[in-house]
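One structure is given below, encoded as structure tokens.
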Amino acid sequence: MIKSVVSTLKDRKYYLHATVGRHPTLYYKLYARRYPFSEMAVRDETDICIEGFPRSANSYAVVAFKLDNPGIKPGHHLHVPAQIMRACQLNKPVITVIREPQEAVASFLVFQSSVNVDLYLKLYIDFYKSLFSYQDKIIVADFKTVTSDFNSVIERVNQKYGTQFNGIKDLNQRQNKIFSRLEEINRQFFAGHQQKSMAPDKRREKIKEQARQRVLKNSRLAAAQQIYDSFIKESGI
């Protein structure tokens, strides 16, 4: 019973954060000024924004990008459209990461220790739907491309924005370094919480498969998949 109540409170708290997060002015007044959000929010001095719905390779993208661009100041990990909208308003380069909804939502349900499939599919839909009018201002990168060919994403960024960000040298050989850094972040922020791991984890896969099956049965999945397909088609990936 206690675990169920905590999960419900956690869901409600995230729902409020995500709802406000579709409105840049309000979000930056209520959340982005507060620590730790202030450390990740897009500001005038931000060099690039890397952002998307949770569990869509956000962390991989940020860690990989920093490998050979150590001096950059990215806006990242607020997981709200307001971050991307603000970056567009400030004419900053934007990488919007996206993952198929059944995988992103299933993984986030595990992260949140939640069974509220309907809520998180709705938030996935709301997240990307609110960015439709920004598609010509951003680079959309799907999960598979980010985790297997991130240099192609950096190339698209440089071509679109006229930037000169460095690609990752010997990317395939440096995958271990990327995942080692992700494990360090896990230990720093999520020690003792296996379900929150940012790196692939076979121990978590059984729980995720159960969440995935619940997502597949939810009536909102079709709408979420349609939005995903639209973004992929529009981006030309």
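The values are calculated or read from the model by the stated rules, or taken from the named source; none is laboratory data. As the structure is a computational prediction, the values presented were derived from the model and not from experiment. All Cβ positions, glycine included, derive from the backbone under ideal geometry; neighbour counts span all protein chains shown.
Only residues that are over 18 Å from the mean Cα position of the chain (by Cα), in a helix (DSSP H, G or I) and closer than 21 Å to D142 by Cα: list them for the range 213-229, please.
V215, L216, L221, A222, A223, Q226
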| remark: Scanning the range 133-155 for residues that are among the aromatic types (F, W, Y) and touching a residue at least 60 places away in the same chain (Cβ under 8 Å), the one surrounded by the fewest Cβ atoms within 10 Å (Cβ to Cβ) turns out to be F143
| Looking only at residues in the range 181-220 that are at pLDDT 80 or above and among the small types (G, A, S), which one is surrounded by the fewest Cβ atoms within 10 Å (Cβ to Cβ)? | S219
| query | When you scan the range 156-176, how many residues do you find that are among the charged types (D, E, K, R), in contact (Cβ under 8 Å) with a residue 12 or more places away in the chain and either loosely packed, with under 14 Cβ neighbours inside 10 Å or outside any helix (DSSP H, G or I) (or both)? | reply | 1
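Being on the phi < 0 side of the Ramachandran plot, more than 12 Å from the chain's Cα centre (by Cα) and among the small types (G, A, S) narrows it down to one residue among A61, A41; which is it?
On the way: A61 fails: more than 12 Å from the chain's Cα centre (by Cα).
Step by step, each of A61, A41 is checked, and only A41 is on the phi < 0 side of the Ramachandran plot, more than 12 Å from the chain's Cα centre (by Cα) and among the small types (G, A, S).
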| Does T25 fit the bill of being surrounded by fewer than 21 Cβ atoms within 10 Å (Cβ to Cβ) and without any contact (Cβ under 8 Å) to a residue 12 or more places away in the chain? | yes
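Here are A104, A82, A87: which of them is free of Cβ contacts under 8 Å to residues at least 60 places away in the same chain, closer than 18 Å to Y14 by Cβ and part of a helix (DSSP H, G or I)? Don't jump to the end; show me each part of the working.
Values: A82 fails: free of Cβ contacts under 8 Å to residues at least 60 places away in the same chain; A87 fails: closer than 18 Å to Y14 by Cβ.
Just one listed residue meets the conditions, A104.
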| message | Among the numbered criteria (1) out of contact with any strand residue (DSSP E or B) (no Cβ under 8 Å at 6 or more places or on another chain); (2) in a helix (DSSP H, G or I), which one does S114 miss? | response | (2)
| task | Tell me, yes or no, whether the range 108-128 has at least one residue that is farther than 26 Å from R33 by Cβ, buried (at least 24 other Cβ atoms within 10 Å of the Cβ) and within 12 Å of the chain's Cα centre (by Cα). | result | yes
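So which residues in the range 32-70 are in contact (Cβ under 8 Å) with a residue 12 or more places away in the chain, outside any helix (DSSP H, G or I) and within 23 Å of F179 (Cβ to Cβ)? Full working, then the answer.
Taking the range 32-70 as the starting set, the residues that turn out to be in contact (Cβ under 8 Å) with a residue 12 or more places away in the chain are 32, 37, 40-65, 67-69.
Now drop any that are not outside any helix (DSSP H, G or I), which leaves 32, 41-57, 68-69.
Hits for the range 32-70 are I48, I50, E51, G52, F53, P54, R55, S56, A57, D68, N69.
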| request: Kindly check whether there is at least one residue in the range 131-139 that is under 11 Å from the mean Cα position of the chain (by Cα), under 22 Å from N166 (Cβ atoms) and either among the basic types (K, R) or assigned to a strand (DSSP E or B) (or both). | output: no
